[in-house]
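The values are calculated or read from the model by the stated rules, or taken from the named source; none is laboratory data. The structure displayed is predicted, hence computed values, not measured ones. With ideal geometry, Cβ positions are generated from the backbone for all residues, glycine too; neighbour counts draw on all protein chains shown.
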Amino acid sequence: MERYSRCELCPRLCRVNRTIGQLGRCGETAECRIASITPHFGEEPCLTGQHGSGTIFFSGCSCGCLFCQNHQISQQHQGQPYTMERLIAETQELIAKGVHNLNFVTPEHWWPHIQQLCEAIRKDHPDLPFVWNSSGYSRVEMLKEQTKLIDIFLPDFKFADATLSQRCIHTTDYPSVARDAIRYLVDAVGFLRPFDETGEITASRGVMVRHLVLPGFVENSLQVLEWLYDDFGPKLPISIMSQFTPVPACAEQDFLNRRLTKDEYKQVCDKVDELGFTRVFLQPDFGDDAFMPDFNDKQPFAGNRNH
Ligand code: SF4
């Protein structure tokens, strides 16, 4: 846990001592806090399968998007403290429910804990895929460690537009940082495989890039797609999400304060077709709030309650 004492776990490079309670941009000390550990049925079918993805939702976030759909935990820091013993025990209970993978959501700032957890779990579950479900705002230096233990990477590629990045996460470097991170990851672990759109066979290794289309910023999405195509060609697995829902911070700043329109999403999907991407998850169900979480609820996702 020494890594927390001069924290350089993410590109923010705050160098604060989290072990004595100092806070960097992620807003978390070295006491691990978690908001939810549960089988989750809202991921892409190749991760959810029949029995769900074993999600662990960590508190805080080093990226800190204005519009974060998980703002209750990423920005308001809801969650409970977890000792390593409790974390391992509850993870084992989660695995016993038959989940297809362990899915670390917003993990960058908790890497020392996750590293220990992975090492403990791997002994008994050599074939269970570990999933790094991240903002894409990652240091390659850290990914070099993470690719030794993690099997599947789901980086977002949020912004190609540096001005939009500045407005949403208070830095202009997201486009270059995320692009370098994804290039490294694809080189290290390859494309997500097997890629089964139906979810009958769940994925075991590789990279799939996610992109949430933002209302009023179709051009940003088109640029993201062009960069991904230029770097990796049309076989890169991608997931293009339409689920944007304005959160209170959007209303306060009167920015991104509406949902996406069908026409905006169609423009992005048309670009996916034009470029010829072949391994694609789309999300056309506008207005479906089943996987918009409320972490005040013991089961935060309404869509998980019937499973
Ligand atoms: S993990 Fe948190 S404290 Fe560490 S560098 Fe990133 S934002 Fe700063």
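If we scan segment 107-128, do we find a residue that is under 29 Å from Val218 (Cα atoms) and either among the aliphatic types (A, V, I, L, M) or in contact with a Pro (Cβ under 8 Å, 6 or more places away or on another chain) (or both)? No, segment 107-128 contains no residue that is under 29 Å from Val218 (Cα atoms) and either among the aliphatic types (A, V, I, L, M) or in contact with a Pro (Cβ under 8 Å, 6 or more places away or on another chain) (or both).
Annotation note: of Phe41, Phe67, the sole residue that is out of contact with any strand residue (DSSP E or B) (no Cβ under 7 Å at 6 or more places or on another chain), surrounded by fewer than 24 Cβ atoms within 10 Å (Cβ to Cβ), farther than 21 Å from Val99 by Cβ and among the aromatic types (Phe, Trp, Tyr) is Phe67.
Within segment 104-152, being more than 13 Å from the ligand (Cβ to nearest atom), under 13 Å from Ala178 (Cα atoms) and not in a loop (DSSP other than H, G, I, E, B) holds for Val140, Leu143.
All of Asp187, Asp196, Asp156, Asp151 fail the test of being surrounded by fewer than 16 Cβ atoms within 10 Å (Cβ to Cβ) and out of contact with any Cys (no Cβ under 6 Å at 6 or more places or on another chain), apart from Asp187.
Restricting attention to segment 1-29, the residues being within 28 Å of Asp294 (Cβ to Cβ) and surrounded by fewer than 21 Cβ atoms within 10 Å (Cβ to Cβ) number 3.
Can you pull out the residues in segment 256-287 that are among the hydrophobic types (A, V, I, L, M, F, W, C), touching a residue at least 40 places away in the same chain (Cβ under 8 Å) and either under 13 Å from Cys68 (Cα atoms) or not in a loop (DSSP other than H, G, I, E, B) (or both)?
Within segment 256-287, the subset among the hydrophobic types (A, V, I, L, M, F, W, C) is 256, 260, 268-269, 272, 275, 277, 280-282, 286.
Okay, now just the ones that are also touching a residue at least 40 places away in the same chain (Cβ under 8 Å), so 256, 260, 268, 272, 275, 277, 280-282, 286.
Correct list: Leu256, Val268, Val272, Leu275, Val280, Phe281, Leu282.
From the list Gln78, Gln72, the lone residue that is more than 18 Å from Trp132 (Cβ to Cβ), more than 12 Å from the ligand (Cβ to nearest atom), in a helix (DSSP H, G or I) and modelled with pLDDT under 95 is Gln72. Listed by first and then second residue, the pairs with beta-carbon distance under 9 Å, at least 6 apart or on different chains, first residue in segment 88-100 and closer than 12 Å to Gly49 by Cβ, second part of a helix (DSSP H, G or I) and polar (S, T, N, Q), are His100/Thr48. Restricted to segment 1-42, and to residues there that are touching a His at 6+ places or on another chain (Cβ under 6 Å) and more than 9 Å from the ligand (Cβ to nearest atom), the residue that is modelled with the lowest pLDDT is Phe41.
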